[in-house]
Amino acid sequence: MEKSGDVTKQSRKGWLGITVILSCFLIGYWLIKQNNFYMPSGTTASVKGMLYKSATGAPVEGAIVMIAGGSYEHPDIAAQSDEQGTFYLPNIQLPGTYTLLINYSNESKRLTVNLTKDSVLKIPL
Amino acid sequence: ENLLEEAGTEVTDEEGEGGVFTRDAFFASYPELYQKSISEVIIGTDDRVRITPTTTFPWRAICSLRITAKNGSRWIGTGWLVAPRTVITAGHCVYMHDQGGWPKSIEVIPGLNDAARPYGSFMGTSFRSVAGWVNDKKREYDYGCIILPSNARPGDKTGVFGFAVKDNPYLLSAYLNLAGYPGDKGGNQQWFMARKAKSLAPRVIYYEIDTMGGQSGSPVWVKVGNARYAVGIHTNGLVSGNSATRIVQPVFNNLQAWKNLGM
């Protein structure tokens with residue numbers, strides 16, 4: 001027959017275990033909230049793109065390409081297309097959906113794209 | 001409580017002349033208008049303000065950056081002077097992991113204002129960042145600098161920012177100022193906005209200050225009397241809150257060391 005003291009010890013161990021587990025959960029939750037962790041899956045990479053004039057197919061140099069919004073936070077650096085119309089988006093979380101804003105010759109174009117690490121953008125202006 | 005402070009340049013003659021409007025003092029002087037501006041953000045207006053002319057302090061100490069990466073790709077960012085030859089910016093402006101690493105060159109244009117380059121432009125080829133960014137690509141370590149050549153000393157004319165470590169209560173109650181060169185305005189105009197912080201992490205400041213690509217590296221500063229102290233380096237955009245690398249003690253120590261390199 002168990003002594004009443006043994007039952008008390010076992011109860012205490014059980015409550016102690018529950019308390020430890022709960023504390024770990026609460027501490028972990030607090031840490032996540034404090035640090036605004038997003039915990040995305042996938043990878044980060046740069047995506048290449050090319051701008052061309054829709055009427056002639058000629059490359060567009062000097063356009064400014066920015067990320068205006070998207071699934072994940074992104075570096076706030078802007079790309080500028082070169083003489084081949086080539087630009088690169090900064091390192092962003094992929095796969096993801098992003099809204100691009102392109103400024104060129106006093107005009108602008110906004111488009112939303114679904115990107116993967118293998119994406120290559122070809123954008124008519 | 002001020003934990004660590006590195007003083008910048010004090011107010012200049014131009015700013016002291018009667019009636020000159022200093023935007024970063026505006027909300028501190030007119031808090032009722034701050035409340036009004038918040039409500040305007042809620043209904044979707046662009047609350048950025050164009051800075052022109054850019055020939056008064058601190059605006060003239062903020063620089064447009066034209067970055068040529070190692071692989072030849074081109075980028076636009078923002079930086080700010082803390083010494084005659086030291087320009088602080090985002091780590092991802094001076095070390096680009098997917099573009100070959102350290103850039104070929106960065107053209108620094110203090111106070112750029114459309115076609116006007118009131119303080120000229122300078123080519124930088126010497127860069128600094130930290131292992132947490134270069135090796136580990138950690139967002140909390142996203143900061144760096146450009147050290148200009150010995151004969152390029154724009155900070156002597158423009159004045160320089162101070163920088164400081166501020167604790168959580170201070171940062172949550174202060175007006176945070178941010179100005180830089182957004183690409184959606186052509187990348188040649190300086191635009192400004194001020195807000196209080198939205199939230200803080202140990203090494204990141206979050207805010208709802210409107211920014212756009214091209215403003216990476218912008219100073220996030222507080223105005224204390226007539227002095228400006230940067231408390232963060234703007235780096236990231238996100239709909240729920242843009243953010244800056246927070247100046248904490250290790251960051252402060254590096255900024256101070258880089259400042260000394262550019263004296």
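No lab work stands behind these numbers, since they all come straight from the coordinates. The structure presented is a predicted model; accordingly, all values stated were derived computationally and were not measured. Cβ placement follows ideal geometry from the backbone for every residue including glycine, while neighbour counts extend to all protein chains displayed.
Each Cα pair under 8 Å and six or more residues apart adds its sequence gap; the mean of these over the residue count of the stretch B:58-104 is a relative contact order of 36 percent. The mean sequence separation of alpha-carbon pairs under 8 Å and at least six residues apart, normalised by the residue count of chain B, gives a relative contact order of 24 percent.
Between A:Lys122 and A:Thr56, the modelled labels are 1.9 nm apart [label points 7 Å from Cα along Cα→Cβ]. In chain B, helices alone account for a calculated mean residue ellipticity at 222 nm of -5000 deg cm²/dmol, with every DSSP H run of four or more residues adding -39,500 (n - 2.57).
Across the stretch B:59-150, the relative contact order, built from alpha-carbon pairs under 8 Å that are at least six residues apart, equals 30 percent. Over chain B, with a Gaussian network built from C-alpha contacts below 10 Å, which listed residue (B:Ser216, B:Ser240, B:Ser199) shows the highest mean-square fluctuation? The residue that fluctuates most here is B:Ser240. Computed about the Cα centre, the dipole magnitude for chain B is approximately 720 debye when only Lys and Arg (+1) and Asp and Glu (-1) carry charge, each at its Cβ. Take each residue of peptide B:175-184, count the partner chain Cβ atoms within 10 Å of its Cβ, and average: the result is 3. List, in the order given, every pair from A:Lys48/B:Lys70; B:Lys104/B:Lys223; B:Lys70/B:Lys223; A:Lys53/B:Lys137 whose Cα-Cα distance in the structure shown is over 25 Å. From the list (A:Lys48/B:Lys70; B:Lys104/B:Lys223; B:Lys70/B:Lys223; A:Lys53/B:Lys137), the Cα-Cα distance tops 25 Å for B:Lys104/B:Lys223; B:Lys70/B:Lys223; A:Lys53/B:Lys137. Among the residues of A:79-88, the average count of other protein chain beta-carbon atoms within 10 Å of the residue beta-carbon is 4. The Cβ shell under 13 Å around B:Pro154 holds other residues with a net charge of +3, Lys and Arg each +1, Asp and Glu each -1. Here the Gaussian network model covers chain B, with springs between Cα atoms less than 10 Å apart; of B:Pro202, B:Pro84, B:Pro182, B:Pro202 fluctuates the most.
When chain B is treated as a GNM with alpha-carbon contacts under 10 Å, the residue of B:Ala174, B:Ala164, B:Ala194 showing the greatest mean-square fluctuation is B:Ala174. Using equal-weight Cα scatterers in the Debye expression, the normalised intensity of chain B in log10 at q = 0.13 Å⁻¹ is -0.75.
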